[in-house]
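The values are calculated or read from the model by the stated rules, or taken from the named source; none is laboratory data. Because the structure is predicted, anything quoted here is derived from the model rather than measured. Using ideal geometry, Cβ is built from the backbone for each residue, glycine included, and neighbour counts are taken over all protein chains shown. Note: accessible area is taken over every heavy atom of the protein model, side chains too, but ligands, DNA and RNA are not part of it. Shrake-Rupley method; radii C 1.70, N 1.55, O 1.52, S 1.80 Å.
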Amino acid sequence: MKTKGSIHMRPLAFLFAMALCVPAFSDVTLVSEGKAVSEIVVDENATESAQLGAFELRHHVRLITGAELPIVHEPTAGRARVYVGAGKAAEKAGASCADLKGESSSIAFRGGDIFLMGNDTPKRGKVDYQNPKTFPDFKFTYNGSLHAVYDFLELCCGVRFYGVDETGTTYSPRATLAARELNRSHTPPMDAFREVYGD
């Protein structure tokens, strides 16, 4: 004989069982109480896209928190790491973007580390963040790693880009910044954009 209580318990038991099947997501803290607790890892021979991506990531984290993340070529023990672009350190950590084509980019959270990678045109000139003339060409090159950084800032850190400079950038200032876990690969349709510049 069914009781009123047993009828209510079945949906609760079902929801509990479903909750156990949902993968656990884990945010990664980049800055804690105004102190950098993570670092940006970029290859010593990184593409221009990855170099600019590392600078842009550091810049926007500083805008949000006031803290400056170090940019390093080799990861440091005891810190969360954000790898920008492909390279020896990222490959040693088990990440690769060899399968990405065109304007593709990816965000991957793995074991407390974050990988922001994409298909980049292999131009490796030295990027000076104070000199836009050294930035990668946006018209005829692939800049997947840079796009991965912008996606990460928007989707995982709450930044919104409404324009091409800081007057069109919005964010919530805070002393602690934890990146919300999100894993995805994305290829934007850029054919029309390239056709315009091609003409």
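Below is a table of values for the structure above.
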{"item": "Pairwise Cα inverse-distance average, inverted: Kirkwood Rh of segment 137-194 (Å)", "result": "13.3 Å"}
{"item": "Sulfur and carbon atoms: percent of accessible area, segment 62-141 [1.4 Å]", "result": "50 percent"}
{"item": "Where the Cα pairs of segment 67-199 fall when distances are cut into 10 Å bins, in %", "result": "11, 37, 39, 12, 1, 0"}
{"item": "Label-reachable residues, segment 74-96, where backbone N falls under 14 Å from a point 7 Å from residue 56's Cα toward its Cβ", "result": "84-85"}
{"item": "Solvent-accessible area per residue, Å², over segment 152-193 with all protein chains present [probe radius 1.4 Å]", "result": "63 Å²"}
{"item": "Heavy-atom SASA rank of 88, 139 (probe 1.4 Å, accessible area, largest first)", "result": "88, 139"}
{"item": "Burial ranking of peptide ranges 123-130, 30-37, 68-75, 112-119 (average Cβ count within 10 Å, highest at the top)", "result": "112-119, 30-37, 68-75, 123-130"}
{"item": "Packing-based order for 158-167, 94-103, using average beta carbon neighbours within 10 Å, highest first", "result": "94-103, 158-167"}
{"item": "Between segment 139-162 and segment 37-99, the alpha-carbon center distance in angstrom", "result": "14 Å"}
